[in-house]
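The values are calculated or read from the model by the stated rules, or taken from the named source; none is laboratory data. Owing to the predicted nature of the structure, the values given are computational and were not obtained by experimental measurement. When we count neighbours, we look across all protein chains shown, and the Cβ atoms used for this are built from the backbone with ideal geometry, even at glycine. Only protein heavy atoms, including side chains, enter the accessible area calculation; ligands, DNA and RNA are left aside. Shrake-Rupley method; radii C 1.70, N 1.55, O 1.52, S 1.80 Å.
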Amino acid sequence: DVGRFDRQTQANFEAANIGVPWDLALQPIFDAKCVSCHGPDNVAGVPSYTITDDEGNSQTVAFDLSGTEISYGTGEDMVSGYSASHLALIGPNMEDLEDLGLTITGDMTIYVESENAAGSPLIQKMNPPVQYPTVDMNVRAFDITGDQHEGMLTAGEYRLLIEMADNGGQFYSRENAPGTTY
């Protein structure tokens, strides 16, 4: 048996993963089941927010679960390399905003509370089935009803989203950070 921290895979995320590689495990879920409403055109109308620098230059960030690479910031002070979906769910790095002198206006909801899946608005809105001690697709984790998102994912897809949130919502993981040693 291989210990958890010695495992590395890009295929069987459910059985042998160490982290949840955003682009390899989560983005395919968003692409298949979310971007028709939550893509670059924001058909669902989720409120956006604006990032502004001290010179008045601004950039509006829409709720976009696509895998499009996105940059935020101004001029030479750009932060990039993350997907639109990561920025939409995790939000910009607040330390980066402060260091770059950027301010936020509008509705910047952080949908994934780091290391707290149960407290994350994304997980609450998706209302996954009970996962433990066994998966029960007929029993929901939260006592809410009527949300259009309930039941649209498989048990494994829900589990990946929960694990991602509980692991801190990292974009890079061991599976997609080649050359990284731990």
*Filter result (outside any loop (DSSP other than H, G, I, E, B) and either exposed (fewer than 13 other Cβ atoms within 10 Å of the Cβ) or in contact with a Gly (Cβ under 8 Å, 6 or more places away or on another chain) (or both)) within region 60-77*: THR60, GLU69, SER71
*asked:* Can you find, within region 118-141, the residue that is most open to solvent (accessible area, probe 1.4 Å) among those that are out of contact with any helix residue (DSSP H, G or I) (no Cβ under 8 Å at 6 or more places or on another chain) and assigned to a loop (DSSP other than H, G, I, E, B)?
replied: TYR132
*asked:* Test of understanding: among GLN59, GLN27, which residue is within 11 Å of the chain's Cα centre (by Cα) and either at pLDDT below 90 or not β-branched (Val, Ile, Thr) (or both)?
replied: GLN27
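How many residues, within region 97-136, are on the phi > 0 side of the Ramachandran plot, in contact with a strand residue (DSSP E or B) (Cβ under 6 Å, 6 or more places away or on another chain) and either modelled with pLDDT of 90 or more or among the hydroxyl-bearing types (Ser, Thr, Tyr) (or both)?
1
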*Only one residue in LEU160, LEU153 is within 19 Å of the chain's Cα centre (by Cα), part of a helix (DSSP H, G or I) and at pLDDT 85 or above. Which one?*
LEU160
